[in-house]
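The values are calculated or read from the model by the stated rules, or taken from the named source; none is laboratory data. All figures in this text were calculated on a predicted structure; none of them were measured in a lab. Here the Cβ positions follow ideal geometry from the backbone for every residue, glycine too, while neighbour counts run over all protein chains shown. What goes into the accessible areas is simple: the full protein's heavy atoms, side chains included, and nothing from ligands, DNA or RNA. Shrake-Rupley method; radii C 1.70, N 1.55, O 1.52, S 1.80 Å.
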Amino acid sequence: MAACKNEIQLVALPLGPKCLQSERATLLSSLPKEEQERISDYRHWQDRQRTLLGSVLVRWMLHKFTDLQHISIRRNENGRPYMADNVCWKGDFNLSHSGNWIVAALTHHGHVGIDVEKIGPLNEELLTYALSETELEMIHQQSPVDQVKRFYELWTTKEAIYKTGLVPDATPQSLDTIEWKVKQNNLHTQLLNIDPEHPMTVCSDQKLPSVELTILNRGQLIESRHIR
């Protein structure tokens, strides 16, 4: 059954241990041949599994939360997936993964972007690459613990904004979130934490309701009738 049309759906799926051969075969069989080939090109099993689970998760969400009968996913010139061959559905979806988590967002109107990051150590090179001068100055004024927390809040926000596809020319330094929040009122963001090590931000050009995150496990994905 499709969800209420003004909702934004967020689902997280753990990467987990390496899939059994039977699990992998079931998941792969639900995907188009070209997607199966893309997945097989990855060298490391973790990358293959993230891509496999992410691809199936997106299709699972589209089947569960929309009334779409035919799902055809393509990628634009920037590599962003989108729904092709469908002029009736006005929604959007997006996917991200980092560390032990794969997350996906779906909106029934407009655009959506999502980003999850695993918290890691900071260094000056990373800060300089990712932050504007204003953001960098703000970070330097904070304690080491607060620096880490604030940096990943800024970083996931930048990535989620960029991944809406609405600011394709933005770079990490040029996308000053402090200035953006003052001047922009057409994009809305919300920060969530899957666990203490994985902050996540969702962004949409639709006003965000109180967004809730659903945690899915691999068994639920495999058992779903949508991938059989």
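Among what's in segment 129-139 and is of a type outside the set (D, E, K, R) and open to solvent by less than 60 Å² (accessible area, probe 1.4 Å), pick the residue that is farthest from the chain's Cα centre (by Cα). Among those residues, the one meeting the criterion is Met138. Taking the conditions exactly as written (farther than 25 Å from Glu179 by Cβ and open to solvent by less than 90 Å² (accessible area, probe 1.4 Å)), does Phe151 satisfy them or not? Taking the combined requirement at face value, the residue does not satisfy it. Summed over segment 107-124, the residues that are modelled with pLDDT under 95 and outside any loop (DSSP other than H, G, I, E, B) give a count of 2. Of everything in segment 1-11 that is touching a helix residue (DSSP H, G or I) at 6+ places or on another chain (Cβ under 9 Å) and of a type in the set (A, V, I, L, M, F, W, C), the residue that is modelled with the highest pLDDT is Val11. Asn193 fulfils the conditions (1) outside any strand (DSSP E or B); (2) free of Cβ contacts under 8 Å to residues at least 12 places away in the same chain except for a single criterion, (1). Take the conditions modelled with pLDDT of 90 or more and not aliphatic (A, V, I, L, M) and apply them to Trp89. Does it pass? The answer is no for Trp89. Taking the stated definitions as given, is Val167 open to solvent by 20 Å² or more (accessible area, probe 1.4 Å), more than 30 Å from Leu28 (Cα to Cα) and in a helix (DSSP H, G or I)? Spelling it out, it is not the case that Val167 is open to solvent by 20 Å² or more (accessible area, probe 1.4 Å), more than 30 Å from Leu28 (Cα to Cα) and in a helix (DSSP H, G or I). Among the residues in segment 140-147, are any open to solvent by 40 Å² or more (accessible area, probe 1.4 Å), under 16 Å from the mean Cα position of the chain (by Cα) and without any contact (Cβ under 8 Å) to a residue 12 or more places away in the chain? No, segment 140-147 contains no residue that is open to solvent by 40 Å² or more (accessible area, probe 1.4 Å), under 16 Å from the mean Cα position of the chain (by Cα) and without any contact (Cβ under 8 Å) to a residue 12 or more places away in the chain. Mind checking which pairs have a first residue in segment 13-24 that is free of Cβ contacts under 8 Å to residues at least 60 places away in the same chain and a second that is open to solvent by 30 Å² or more (accessible area, probe 1.4 Å) and assigned to a loop (DSSP other than H, G, I, E, B), Cβ under 9 Å, 6 or more apart or different chains? What qualifies is Arg24/Lys18. In segment 184-194, the condition of being open to solvent by 40 Å² or more (accessible area, probe 1.4 Å) and over 21 Å from the mean Cα position of the chain (by Cα) is met by at least one residue. Being over 30 Å from Pro17 (Cα atoms), of a type outside the set (Gly, Ala, Ser), part of a helix (DSSP H, G or I) and open to solvent by 40 Å² or more (accessible area, probe 1.4 Å) is a condition met by no residue of segment 220-227. Residues in segment 62-109 that are of a type in the set (Val, Ile, Thr), in contact (Cβ under 8 Å) with a residue 60 or more places away in the chain and open to solvent by 40 Å² or more (accessible area, probe 1.4 Å): there are none.
Within the group Ser204, Ser174, which residue is touching a Leu at 6+ places or on another chain (Cβ under 9 Å) and of a type in the set (Gly, Ala, Ser)?
Ser204
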